[in-house]
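This report refers to the structure that appears directly beneath it.
The values are calculated or read from the model by the stated rules, or taken from the named source; none is laboratory data. Remember, it's a predicted structure, so these values are computed and weren't measured experimentally. Ideal geometry is used to build each Cβ from the backbone, glycine not excepted, and the neighbour counts take in all protein chains shown. The accessibility values were calculated without ligands, DNA or RNA, using every heavy atom of the protein model including side chains. Shrake-Rupley method; radii C 1.70, N 1.55, O 1.52, S 1.80 Å.
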Amino acid sequence: MSKEAIKEKSMILQKEMVEGLFNDLANVEKTGKKVCYTFVPGNLSELIRTFDMLPVYPEINALQSAMRKKSGGYIKEAERNAHSEDVCTYVKCDVGMMMKGNIGPTGTKIPEPDVLLLSYTGCFTFMKWFETLKREYPNAEVVMIHTPYQENAEITPEMTQYMVNQLKEEVIPKMEKVSGVKFDENKLKGFLKLSAEAEDWITKIFDTTKHKPSPIDAYFAGVYYIGPINIGFRGTPEAVEYYKELYSEIQERIRLGLGPVTPEGEMKEEKYRLVVEGPPNWTSFREFWKIFYDMGAVIVASSYTKVGGVYDMGWRHDPERPLESLGEYCMNCYTNLNIPQRIDLLSKCIKDYQADGYVTNSIKSCNSFSAGQLGMMREIEDRLEVPVGFIESDLVDPRYFSYSNIKNRLESYFQMLAQRKMLEKQEA
Amino acid sequence: MKNLKQIINDCKELAFDLNFTRAKKWKAEKDGRVIVGYTPIYFPREVIHAAGGLPVGVFGGGDRKQIIKGDAYYQSYICHIPRSIMELALDKHLDDFDGFIFPSICDVLRNLSGIFKQHKFGKFVKYMDFPQNFLPQIGGVFYQQEMEHVMKYIKEINGKTPTVEELNHSIGLYNKNRQMIEFIYDIRQEFPWRLSIEDVYHIVRAGTVIPVEEHNEILEQVCIHIKESIGEPQDKIKVVISGAFCEQPAVGLIRAIEEAGCYVVDDDYMLGSRMILGDIDATTNKPLEAISNAYIKQSQYSSSIYDVDNPKEYRLAKIVEKRGANGVIFASASFCDPSLLDAPIFQNAFNKMGIRYIAFQFSENINQFKVIKEQVGAFSDSIKLWEDEPVLVTK
Ligand code: SF4
Ligand code: SF4
């Protein structure tokens with residue numbers, strides 16, 4: 001099979017999955033399927049599937065709106081209705097989209113939620129977001145599962161028990177009530193088994209950046225790779241197939257000694273290997289990415305791709321402990337890690353993937369990521385003596401993406417990296 | 001008994017002593033004493049008190065601390081309080097503190113707990129995860145485990161595990177404390193001129209940095225004074241302040257609102273000291289359970305507590321009604337997510353209920369309020385014009 005054909009296959013598989021989901025959502029009136037709005041971090045995909053519900057991810061809708069240049073209008077709409085300029089723009093984009101008819105990325109109307117499943121993982125804004133949605137959709141059932149934070153860098157048995165108790169006494173009964181489907185533990189176990197498989201594959205995929213040149217970009221392309229596992233397909237045979245396929249495509253790239261694929265074709269020369277902390281900007285995603293690949297910078301690891309689950313430290317969903325493992329999954333997402341854990345994880349990435357630098361993309365409206373990033377950066381700089389770079393943008397608010405500002409800052413940063421490399425060469 | 005002016009002056013000094021002199025002196029007086037700092041909003045101080053500790057509110061430096069180092073830790077679009085708490089810590093104001101508790105109210109303070117851990121400030125740093133599940137057998141049990149965790153940390157320092165009696169005794173002291181603070185608010189509801197909101201603020205805030213026994217004495221005296229008919233009523237509207245529960249406005253701003261034509265008859269400035277409504281049962285043999293039940297069933301609404309089963313807009317509307325207030329002033333710290341994300345919920349509901357409000361943002365270190373004062377003045381004038389319209393509260 002040719003290289004191009006292989007590449008296409010994983011993309012086609014992903015496209016089919018996503019289109020299928022949006023088709024199903026467009027047809028709920030006919031099929032009677034129930035709709036569950038939920039969030040990516042701590043998403044209980046397998047449980048939602050157990051009740052034959054369809055998931056909707058408001059964050060994903062927001063970022064897709066941004067990529068289609070619609071978020072600016074939605075945000076303004078929300079701001080006209082008392083939403084502050086200074087809060088998470090995902091929320092405003094979602095609320096604005098709802099106010100303008102809730103037309104989703106595929107151009108069809110997204111159905112109203114039957115249930116708002118709030119797994120509250122790693123971010124307070126989720127709670128405020130669903131409090132807001134509950135007022136807009138008064139008939140929806142709201143299910144809250146409070147995910148304890150890994151404040152002491154650990155998941156204690158008490159924390160897991162708290163999650164399990166909530167699942168048993170609150171989440172499952174409410175999901176049964178809304179869906180009319182009785183909870184079937186064996187069905188859940190089947191999904192969890194496949195989840196663990198998909199998690200094995202995605203871990204291997206992100207680990208391929210150990211190669212030089214790295215065959216993938218673990219941030220800009222990485223956000224596509226995490227799509228299926230994060231938006232409701234974890235636990236499906238389709239996701240396993242997708243990741244297997246993707247892995248074999250990447251293996252082929254390694255065999256051929258190729259670098260990552262960019263929107264403008266293959267990256268020619270890998271000059272710098274970076275680890276990036278923080279979500280990307282979505283409104284100017286392509287331009288943002290281009291600044292990096294034009295400079296020959298490839299991202300070998302990023303915290304953002306761990307936002308829907310940290311799998312590279314060995315944790316997996318476990319069908320033998322279904323509810324416990326759902327709880328642990330929620331507690332183990334990146335933004336639910338405390339700051340020292342985040343620092344350790346990113347330091348490990350810098351070492352394991354032999355990064356030349358560490359860049360923070362600080363998102364104006366996301367405190368869950370941004371508050372503390374400067375402290376993390378200092379610590380990583382001190383600990384590893386790695387050059388650190390800092391840029392600022394926003395997720396989906398086009399007003400806060402300044403191309404020239406970011407480009408200037410990055411250019412100076414890359415100059416610094418170049419000088420350092422030169423010095424290292426001379427010393428060697 | 002001291003006169004009211006003297007008491008208020010003492011409280012003023014205590015409330016803004018950023019060296020926490022009284023707390024440090026208290027600790028030095030006896031072996032085994034520990035100081036535990038806590039950030040907004042609420043922490044069950046009873047637990048620390050019973051364990052031989054002094055809970056001390058760390059509410060930022062206000063406009064009295066110049067921020068230099070703290071700014072290097074926080075981007076411009078993050079509220080001010082974490083940088084001022086960092087400044088206090090880096091400038092060694094908190095050096096004698098044995099531990100720090102960061103209640104779970106937002107991602108900024110949550111992550112600040114991690115920065116404190118990273119810097120190894122104090123002997124322990126605990127991010128206190130308050131339950132967002134309000135079933136006593138689930139969230140309540142988890143909350144008790146969180147309190148036990150704090151007690152374990154303190155025990156590691158002073159070897160003390162409080163007895164049931166000690167916990168109940170502490171609960172009793174804080175019950176009394178809350179009762180007297182509520183008494184002050186109740187008196188002010190009728191006679192707000194007897195004590196300005198600025199004075200109330202100083203009196204309540206002083207209680208967060210001194211032993212509760214001493215604060216109770218102060219409150220007793222204040223209560224006696226304000227039972228007397230003192231001061232002169234002025235032509236002002238009555239308002240409730242909402243949204244300033246974490247980062248604190250500069251005192252000048254607290255004053256400016258009353259100067260601009262409003263009596264503040266309720267507020268959430270020092271919400272932590274008033275979080276539990278009514279008493280906690282001080283007579284059980286399961287005091288932690290009593291504290292937990294009180295939090296679950298008797299908490300004031302807050303932007304950090306999941307409210308779907310008990311919507312906050314109706315709760316605030318009830319406060320407005322109970323206090324006979326003419327309107328609400330939403331005062332949010334700039335970039336404060338919990339407060340700002342609640343704004344549309346409150347404002348949409350109040351538009352429907354016919355409750356009048358204005359909203360503005362502040363920062364703890366800004367002490368120029370000309371614009372805000374004008375806005376409040378205009379609000380007060382407009383309400384006076386519509387004085388006879390009743391407030392509608394429906395649910
Ligand atoms: S604040 Fe950040 S983590 Fe939270 S919902 Fe917004 S973008 Fe997501
Ligand atoms: S002011 Fe608001 S955002 Fe800032 S720490 Fe306090 S609650 Fe959090």
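So what is the relative contact order of chain A, in percent, for Cα pairs below 8 Å that sit 6 or more residues apart?
On the way: 728 pairs, mean separation 83.1, N = 428.
The value is 19 percent.
Let a ≥ b ≥ c be the square roots of the eigenvalues of the Cα gyration tensor of the stretch B:292-338; is it rounded (a/c under 1.5), or, if not, prolate (a/b larger than b/c) or oblate? Don't skip to the end; give the middle numbers.
Working: a/c = 2.19, a/b = 1.14, b/c = 1.92.
The shape class here is oblate.
Think of the protein assembly as shown as having a plus end and a minus end, set by charges on the Cβ of Lys, Arg, Asp and Glu; of B:207, A:419, B:283, A:419 sits farthest toward the positive end of this dipole.
Taken along the Cα-to-beta-carbon direction at a fixed 7 Å, the label points for residue A:403 and residue B:217 span 7.0 nm. For q = 0.14 Å⁻¹, what log10 I(q)/I(0) does the stretch B:101-231 give under the Debye formula with an equal point scatterer on each alpha carbon and no solvent? Reported log10 I(q)/I(0), two decimals: -0.89. Its residue count N sets the reference 2.2 N^0.38 Å, and the alpha-carbon radius of gyration of the stretch B:163-302 equals 1.11 times that reference. Springs join every pair of Cα atoms under 10 Å in this Gaussian network model of chain B, and among B:224, B:280, B:67 the largest mean-square fluctuation is at B:224.
Please state the charge dipole magnitude for the stretch B:254-395, taken about the Cα centre, from unit charges on C-beta atoms (+1 on K and R, -1 on D and E), reported in debye and rounded to the nearest 20. Working shown, then result.
Numbers: 15 positive and 20 negative charges, 23 e Å.
Value, rounded to 20: 120 debye.
Restricting the trypsin sites (Lys or Arg not before Pro) of the stretch A:384-428 to loop positions (DSSP other than H, G, I, E, B) with no more than 12 neighbouring Cβ atoms within 10 Å leaves nothing. Just check chain B against the gyration tensor rule for me: Cα atoms, a ≥ b ≥ c as the square roots of the eigenvalues, rounded for a/c under 1.5, and otherwise prolate or oblate depending on whether a/b exceeds b/c. Verdict is rounded for chain B. Translational diffusion coefficient of the stretch A:9-187 (Stokes-Einstein, Kirkwood radius from Cα pairs, 37 °C, 0.692 mPa s): 189 µm²/s.
Only Lys, Arg, Asp and Glu count, each charged at its Cβ (+1, +1, -1, -1), so figure out the dipole size of the protein assembly as shown about its Cα centre, rounded to 20 debye. It would help to have the intermediate numbers written out before the result.
Numbers: 99 positive and 115 negative charges, 163 e Å.
Charge dipole, the protein assembly as shown, about its Cα centre: 780 debye, nearest 20.
To the nearest 10 degrees, how steeply does helix A:71-80 sit against the main Cα axis of chain A, on a 0 to 90 scale? In chain A, helix A:71-80 runs at an angle near 60 degrees to the longest axis.
The mean count of C-beta atoms from other chains within 10 Å of the C-beta of residues in A:114-125, rounded to a whole number, is 3. Run through the stretch A:62-153 and list the trypsin sites (Lys or Arg not before Pro) located in a DSSP loop whose Cβ has at most 15 other Cβ atoms within 10 Å. Those satisfying the criteria are A:68, A:69, A:100.
Build a GNM of chain A with springs between Cα atoms under 10 Å apart, and of A:350, A:406, A:363 the one that fluctuates most is A:406. Exposed loop sites here mean GluC sites (Glu not before Pro) with a DSSP loop assignment and at most 10 other beta-carbon atoms within 10 Å; chain B contains its longest site-free run at B:30-227.
Placing a label point 7 Å from the Cα of residue B:155 along the Cα-to-Cβ line, the residues of the stretch B:38-56 whose backbone N sits under 18 Å from it are B:46-54.
Beyond 18 Å between alpha-carbons counts as too far, so tell me which of A:128/B:126; A:30/A:109; B:27/B:117; A:128/B:352 fall in that bin. Present the calculation step by step, with values, prior to reporting the outcome.
Numbers: A:128/B:126 24 Å; A:30/A:109 14 Å; B:27/B:117 23 Å; A:128/B:352 21 Å.
From A:128/B:126; A:30/A:109; B:27/B:117; A:128/B:352, over 18 Å: A:128/B:126; B:27/B:117; A:128/B:352.
Projected onto their three principal axes, the Cα atoms of the stretch B:277-395 cover extents of 54, 37, 24 Å, largest first.
Carbon-plus-sulfur accessible fraction, chain B (probe radius 1.4 Å, protein heavy atoms only): 51%.
Given charges of +1 on the Cβ of Lys and Arg and -1 on the Cβ of Asp and Glu, with all other atoms neutral, how large is the dipole of the stretch A:194-427 about its Cα centre, in debye to the nearest 20?
For this selection, approximately 540 debye.
Under a 5 Å amide H cut-off, with hydrogens placed 1.01 Å from N, residue B:128 pairs with B:102, B:104 among residues at least 5 apart or on other chains.
Could you give the semi-axes, largest first, of the ellipsoid that matches the stretch B:1-53, computed as the square roots of 5 times the alpha carbon gyration tensor eigenvalues and rounded to whole Å?
Details: eigenvalues 109, 46, 28 Å².
Sorted largest first and rounded, they come to 23, 15, 12 Å.
Per-residue 3J(HN,Hα) values for the stretch A:292-303, derived from phi via the Karplus relation 6.51 cos²θ - 1.76 cosθ + 1.60 with θ = phi - 60°, read 6, 6, 4, 8, x, 9, 10, 8, 8, 6, 8, 6 Hz in sequence order (x marks Gly and Pro).
If you wrap the tightest convex hull around every Cα atom of chain A and split its volume per residue, you get 137 Å³. The number of Lys pairs in the stretch A:194-427 with C-alpha atoms less than 12 Å apart, excluding pairs fewer than 8 positions apart on the same chain, is 5. Residues in the stretch A:194-427 average 35 Å² of solvent-accessible surface per residue, probe 1.4 Å, ligands and nucleic acids excluded.
Under 19 Å of direct C-alpha separation, and excluding same-chain neighbours fewer than eight residues apart, residue A:182 reaches these aspartates and glutamates: A:46, A:52, A:114, A:141, A:169, A:170.
Filter the GluC sites (Glu not before Pro) in the stretch A:323-428 to those in DSSP coil with at most 15 other Cβ atoms within 10 Å of their Cβ, and list the result. Intermediate values should be presented prior to the final figure.
Details: sites: A:324, A:328, A:379, A:381, A:385, A:392, A:411, A:424, A:427; in loops: A:385.
The qualifying sites are A:385.
At an R0 of 51 angstrom, the distance between the Cβ atoms of residue B:28 and residue A:271 translates into a FRET efficiency of 0.30. Across q = 0.04, 0.05, 0.07 Å⁻¹, the protein assembly as shown modelled as identical point scatterers on its alpha-carbon atoms has Debye log10 I(q)/I(0) values of -0.17, -0.27, -0.54, in the order of the q list.
Residues of the stretch A:91-124 falling in the label zone of residue A:135, defined by backbone nitrogen less than 19 Å from a point 7 Å along Cα to beta-carbon, are A:91-102, A:113, A:116-118, A:124. Counting only aspartates and glutamates at least 8 places from residue B:120 when in the same chain, those with an alpha carbon closer than 19 Å to its own are A:151, A:154, A:344, A:379, A:381, A:382, B:87, B:91, B:95, B:96, B:98, B:156.
Annotation: amide H of residue B:263 within the under-5 Å range of B:237, B:238, B:239, sequence separation 5 or more or interchain, hydrogens built in the peptide plane. Measuring r between the beta carbons of residue B:183 and residue B:374 and using R0 = 35 Å, the FRET efficiency lands at 0.55. Just so you know, the Rg over Rh for the stretch A:292-428 is 1.02, from Cα atoms, with Rh as the Kirkwood radius. What net charge is computed for the residues neighbouring residue A:43, neighbours being all others with C-beta under 13 Å from the C-beta of residue A:43, Lys and Arg scored +1, Asp and Glu -1? Taking every Cβ under 13 Å from that of residue A:43, the sum is 0.
Hey, what number do you get for chain B at 222 nm if only DSSP H runs of n ≥ 4 count, each worth -39500 (n - 2.57), divided across all residues, to the nearest 500? Please list the in-between numbers first.
On the way: 15 runs with 190 residues, N = 395.
Estimated from H runs of four or more residues: -15000 deg cm²/dmol.
Given the rule -39500 (n - 2.57) for each run of at least 4 DSSP H residues, summed and divided by the residues of chain A, what is its mean residue ellipticity at 222 nm, to the nearest 500 deg cm²/dmol? Result for chain A, helices only: -16000 deg cm²/dmol.
Mean sequence separation of contacting Cα pairs (under 8 Å, at least six apart), scaled by the length of chain B, corresponds to a relative contact order of 20 percent.
Of the residues A:415, A:341, A:166, the one that moves most in a GNM of chain A with alpha-carbon contacts below 10 Å is A:415.
Counting Lys +1, Arg +1, Asp -1, Glu -1, what net charge surrounds residue B:300 among other residues with beta carbon under 13 Å of its beta carbon? Walk me through the intermediate numbers first.
Details: positive: B:178, B:274, B:297, B:312, B:315, B:318, B:322; negative: B:182, B:266, B:267, B:268, B:307.
Within the 13 Å Cβ shell, the charges total +2.
Which net charge results for the neighbourhood of residue A:27, defined as the other residues with beta-carbon distances under 12 angstrom from its beta-carbon, given Lys and Arg at +1 and Asp and Glu at -1? Net of charged neighbours comes to +1.
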